[in-house]
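Data block below; observations after.
The values are calculated or read from the model by the stated rules, or taken from the named source; none is laboratory data. As the structure is a prediction and not an experimental result, all values here were calculated from the model. Methodologically, a virtual Cβ is constructed for each residue, glycine included, from the backbone with ideal geometry; neighbour enumeration extends over all protein chains shown.
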Amino acid sequence: MNRISGELFKDLPGRSGVPLFAAMIAQGAGAMATFGLSFAVEYAFGDPLPIMLVLTGQGVAAAVIGTRFGLARWWIPINLALPPLAGLILTLRLPGWLYLAAFALLILFYWNATRGQVPLYLSSRRAKEELLRLLPVKPDIRFADLGSGFGGMVLWLASRRREGDFLGIESAPFPFAISWLRTTFAGLPHAHITYGDFKNSDLGGFDVVYTFLSPVPMTDLFSKARAEMKPGSLFVSNTFEVPGETPNQVVELGDWRGGRLFIWRM
Ligand SMILES: C[S@@+](CC[C@H](N)C(=O)[O-])C[C@H]1O[C@@H](n2cnc3c(N)ncnc32)[C@H](O)[C@@H]1O
């Protein structure tokens, strides 16, 4: 099994790519094993196993299989809890459209997160204040927030620095729509939000590039910033370091997350 999983699954999403797919395969395999066992028990003894026992067994099997696929440890409780929780929720007999609505909402929020592995959470007030302090004093300043969420950072800075250009780039549909509406009606013509993947944006024109993402994209993004950003410009990462790259400055935010700004001068 070791060698087989190593060979067969070495490119499986749990190790590289999309962990969600690995989790789905693990759940599918777990379901086949435990429901298969239940059918066998029914065939032999006339009664199937209790459904909650089968679902709990599926969770255990999925957690084990998911770990073999290379999923991170924090997937273990998710894989364990999902089938019995789904069973419990089904006993509530909620109307079908509620599941569809919840699914649609999740897609609109986390459209990009399955692949990019960057969820949505927002910069604290302290992060905004520290970033404002870091902005160079020049009238034609160009700032970008890569993965701008609801546009809070862009709008906050733009409302305090009335010249220059403040851009947010966002690829999740719902946060983009909200931030686009906010910037449209904010009365700040130098604040903009564009829909798209920041990996396709040229970072060459910006004086400050801000990110608050996750550990996953940082190495590639930093290489891109190094290649494209102009000398003297700032690359700032909230909370997430870049492996092997020592920042020029670290600012403790003292917020509830214990966040830090890592700042590199290009
Ligand atoms: C942790 S949130 C940060 C939001 C905002 N920058 C702030 O600090 O409040 C990260 C955001 O990046 C977005 N995102 C992730 N990958 C992206 C990509 N490749 N291109 C554009 N946006 C992306 C996510 O949808 C999410 O809204």
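At-a-glance table
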read-out: Test for Leu157: is it more than 23 Å from the chain's Cα centre (by Cα), under 29 Å from Gly254 (Cβ atoms) and either of a type in the set (D, E, K, R) or buried (at least 17 other Cβ atoms within 10 Å of the Cβ) (or both); value: yes
read-out: Selection from region 120-148 of residues that are under 12 Å from Glu170 (Cα atoms) and surrounded by fewer than 21 Cβ atoms within 10 Å (Cβ to Cβ); value: Leu120
read-out: Close pairs (6 angstrom Cβ cut-off, 6 or more residues apart or separate chains): within 14 Å of Thr239 (Cβ to Cβ) in region 104-129, at pLDDT below 90 anywhere; value: Val118/Ser214; Pro119/Ala113; Ser124/Asp255; Arg126/Asp255
read-out: Single residue of region 208-237 satisfying the filter (of a type in the set (Phe, Trp, Tyr) and outside any strand (DSSP E or B)) that is nearest to the chain's Cα centre (by Cα); value: Phe212
read-out: One residue from Ala177, Ala191, Ala172 being in contact with a helix residue (DSSP H, G or I) (Cβ under 7 Å, 6 or more places away or on another chain) and modelled with pLDDT under 95; value: Ala172
read-out: Only listed residue being under 17 Å from Leu131 (Cβ atoms) and among the small types (Gly, Ala, Ser), chosen from Ala172, Ala177, Ala186, Ala225; value: Ala225
read-out: Boolean, Val137 is modelled with pLDDT of 95 or more and under 28 Å from Lys230 (Cα atoms); value: no
read-out: Spans of strands (runs of 3 or more DSSP E) in region 99-197 with at least 2 residues near the ligand (Cβ under 8 Å from one of its atoms); value: 142-146, 165-170
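Every residue, every condition in (1) buried (at least 16 other Cβ atoms within 10 Å of the Cβ); (2) more than 30 Å from Lys199 (Cα to Cα), yes or no:
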position	(1), (2)
Glu42	no, yes
Pro48	yes, yes
Ala62	yes, yes
Trp74	no, no
Gly96	no, yes
Leu100	no, yes
Ile107	no, no
